[in-house]
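Derivation of every value follows stated rules applied to the coordinates shown; laboratory data play no part. If you're wondering where the values come from, they're calculated on a predicted model, not measured in any experiment. All Cβ positions, glycine included, derive from the backbone under ideal geometry; neighbour counts span all protein chains shown.
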Amino acid sequence: MRYVSKALLANGLALAVGPFCFLAAAQAQDYIDVEAERAAQAVNPSSSSAVQPAQSYPVTSYGIGSAPAAPAIQGESPPSPVGGGSGNAGQLLMKVQQLQQEVMRLNGMVEEQAHELRTLKAQSLERYIDLDRRLGLLAGGSGGLSPETAVEPADSAPTDEAAAPRSSPAAATSDAQPGEAQAYQAAYALVRNQQFNQAVTAFQQFLQDYPSGRFTPNAHYWLGELYLVASPTDAEAARQSFMLLLDMYPDDSKVPDALFKLGRIHYTKGNRERAREFLDRVISEYGSTNSAAVKLAQDFISENY
Amino acid sequence: MKHLTAVILGAVIALAAMSARAQLVIEITQGMDNPTPIAVVPFAWQGTGAPPEDAAQVIDADLARSGQFDPVDRGDMLARPSTQEQVFYRDWRAINSDYVLIGRVSVTGQVQMRIEYELFDVNRQARVLHGYEEGHVNEARMLSHRVADEVYETLTGIPGAFATRLLYVSVTRNPAGKDYYRLTLADADGARPIVLLESREPIMAPTWSPDGKHIAYVSFETSRPAIYRQELATGAREQLTNFRGLNGAPAWSPDGSTMAMVLSKDGNPDIYLMDLRSKQLTQVTRHYAIDTEPAWMPDGRSLMFTSDRGGRPQIYRYDLRSGATDRVTFEGSYNARARIAQDGRNMVMVHQSGGRFHIALQDLVSNRLQVLTSTELDESPSIAPNGSMVLYGTKSGDRGILAAVSVDGGVKFRLPVREGDVREPAWSPYLSR
């Protein structure tokens, strides 16, 4: 008899947490097998219906949120825990259970908020570093860039519809080819020194020499960034570089950033709808990641839409 | 030529025998975009009568099931070499096969079977692997799986997990009375099922010892749940627990000395450790919430478990040395029944999103979560010893079936069963020879 009540307790808890019944209550329900088959049947239909309310987490109204659970428990646990059980003992048990649920929910909130805080801290650090880098880029001067070199990639680079060969990313080896890392670092050093126009040339040369290297996606990304800060700026070439990255390396870690940049480019060009598509993609496809682009896209939307 | 007919005839017989025997039938539902074409040439049979097993067929099916290979149809093969001298690369280039596997099978003294095999790279025109497997003729399929493991590792760099086995529970509904529960052991491809335990009372939570020689499970045969340990070779059984209330979710520690389990003898379900030699119990969690489904990290230093101490079931990690408990999952309103890959990095679990239960994978380093399955009501994930595939239970129609998905979500196959419901698969560790 005593362990029937334990089973009820376990089932009552499982009921209160809704979906947990999927495993825990299924187990609990099985283990009471013979003795409490009837009780399990009584619990089962109501526990499956409890899946629905449990999905909306009553964060804002947690004081009221516990109310629906109470009648369920009353219904489930007849005053049995101490045998014949007086109403007082039953009420006490109910109160304890309510308190436990309350503490559990609060515990969950604390855990989630602590996690949120950690994530936000990490994100704000990332954003700071990113911002610092951008500011550094903006503060940098402009070198003398011949117009031909700025236009050249725009002509040679395939447009987004031209569907750059899909097989090439697969063929791209994960190992850097000899000399590739040095060439990339040399080009990247120009970015850091804010010699943007020289950097454009260097990355264009890099892409010619290493069309499917380990750093190729990065090179496309940097070219996109550089076209926006080189003088004269070339938004169309930048757009094509970012699109190239998207088409050829859809899984690359720079993709969310490229999507955000594409959104901004289209916005600057006055195409608000197209811009919004890219910004929404950042949020919908990378919302669950730590990518700084998600926050940037959200901020951009809230400021401009 | 006579030789060849014998091989083909043997293949037909072996196939027929296999399909009659097999309880699980594999259907590939989704493969990789660019699987590598490979020709597994029927192995030459150097013996009398019919060969005990069509080894090439077994290997062919293994490679196909991985989703990473696209075996060439036997009918498309322009030649059927069985020695290196007979391999002409142009034959294989003509049918766009990147690799060719050939082999020879012989049996000595009625029982000792030997499979010799050679793997050729058609593009490089070179032999890239050769070797042999030897064993009892009754283990013909296992020997073939080992060849597949070697080929897989040579071509992908990841050890194969074809020569492993599965445990699962099947339930035959009996409208007139009590259901039938069966605990079944089968090869990783579902072939050669052996019923280890049959009961009118539920059987649950089968699991493997780290050396693959013992199993443990929960059986209600005494009308209340108890954990049993069973030696596979002898069938010897030992009842480990008989506590009041819940006795469930056994999980062997990586060193094999300890078993984590869930007991509710003191009221609420909590996690305990049992020293398997002394049978001494240590309580690990002490919480009025439900703590259940322990899973060991491969280093044996911490345990993952499911708890609703935060109001909803989520995965927590318990550090056995410091005693600290940390919540691990934050995405979604429900995460339960964690299983950890051997690398200690990938964790698979049941994850609820949009009211549906899916199998999801969380990278424990980056904490990124990826939902792997698109079926509903997915449960009981179990990860292959090489970490490449996840086996899980799901529903097809109103029946429970087993399905598998690769850890990148790219490859999917199902193992539908002929009759009854199948659930709670447990993938074995690597098995010693």
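Residues whose amide H falls under 5 Å from that of B:Leu361, counting only those 5 or more places apart or on a different chain, are B:Gln370, B:Val371, B:Leu372, with hydrogens built in the peptide plane.
Sorting B:Tyr430, B:Tyr180 on the 10 Å Cβ count, fewest up front, what's the list? Display every interim value, and only then the final one.
On the way: B:Tyr430 17, B:Tyr180 14.
Least crowded to most crowded, the residues run B:Tyr180, B:Tyr430.
For a protection proxy built on the mean count of beta-carbon atoms within 10 angstrom, sort B:322-332, A:123-133, B:215-225 highest first, please. Intermediate values should be presented prior to the final figure.
Working: B:322-332: 15.7, A:123-133: 12.7, B:215-225: 20.5.
Top to bottom by mean Cβ count within 10 Å: B:215-225, B:322-332, A:123-133.
Relative to the dominant Cα principal axis of chain B, helix B:55-65 is inclined by about 50°. Averaged over the residues of B:310-318, the number of partner chain Cβ atoms lying within 10 Å of the residue Cβ comes to 6. Highest mean first, the peptides B:138-144, A:287-293, A:93-99 sorted by other C-beta atoms within 10 Å per residue fall in the order B:138-144, A:287-293, A:93-99.
Computed FRET efficiency, Cβ-Cβ of B:Gln283 and B:Gln239, R0 25 Å: what is it to the nearest 0.05?
Numbers: r = 20 Å, r/R0 = 0.82.
With R0 = 25 Å, the Cβ-Cβ based efficiency is 0.75.
Taking the helices alone, chain B has a mean residue ellipticity at 222 nm of -4000 deg cm²/dmol, built from -39,500 (n - 2.57) per DSSP H run of at least 4 residues and averaged over all its residues. With a ≥ b ≥ c the root eigenvalues of the C-alpha gyration tensor of chain B, is it rounded (a/c under 1.5), prolate (a/b larger than b/c) or oblate? Here chain B falls in the prolate category. In sequence order, the range A:238-243 has phi-based couplings of 4, 4, 5, 5, 5, 5 Hz under the Karplus curve 6.51 cos²θ - 1.76 cosθ + 1.60, θ = phi - 60°, and Gly or Pro positions carry x. Choose one of B:Val147, B:Ala79, B:Pro37: the residue whose Cα lies farthest towards the positive end of the charge dipole of the range B:33-156 (beta-carbon charges +1 Lys, Arg; -1 Asp, Glu; about the Cα centre). The residue sitting most towards the positive pole is B:Ala79.
What average count of beta carbons from other chains do you get within 10 Å of the Cβ of residues in B:280-292? Neighbouring Cβ atoms belonging to other protein chains average 3 per residue here.
Mind checking B:244-254 for the average number of partner chain beta-carbons within 10 Å of each residue's beta-carbon? Could you put the intermediate results ahead of the total?
Details: counts 3, 9, 10, 1, 5, 2, 0, 0, 0, 0, 0.
Mean shielding by partner chains, rounded to a whole number: 3.
Normalising the average separation of contacting C-alpha pairs (under 8 angstrom, six or more residues apart) by the number of residues puts the relative contact order of the range B:229-336 at 15 percent. Distance between the modelled labels on B:Ile158 and B:Leu78, one decimal in nanometres: 3.3 nm (7 Å Cα→Cβ projection).
Give me Rg over Rh for the range A:186-299, both radii from the alpha carbons and Rh done the Kirkwood way, two decimal places.
On the way: Rg = 13.9 Å, Rh = 14.3 Å.
Expressed as Rg/Rh, it is 0.97.
Amide H contacts for B:Lys395 (H built 1.01 Å from N in the peptide plane; partners 5 or more residues away or on another chain; cut-off under 5 Å): B:Glu376, B:Ile401. Label separation (B:Arg399 vs A:Val96): 4.7 nm, computed from points 7 Å beyond Cα along the C-beta direction. Computed over chain B, relative contact order equals 12 percent, with contacts defined as Cα pairs under 8 Å that lie 6+ residues apart. Rounded to the nearest whole Hz, the Karplus-based 3J(HN,Hα) values (6.51 cos²θ - 1.76 cosθ + 1.60, θ = phi - 60°) of the range B:152-169 follow the sequence 4, 5, 4, 8, 10, x, 10, x, x, 10, 7, 7, 10, 10, 10, 10, 8, 10, with x at glycine and proline.
Exposure proxy for A:Phe242, B:Phe120: other Cβ atoms within 10 Å of each Cβ, ordered fewest to most, give B:Phe120, A:Phe242. Against chain B, whose longest principal axis is taken from its Cα atoms, helix B:2-21 shows a tilt of about 20°.
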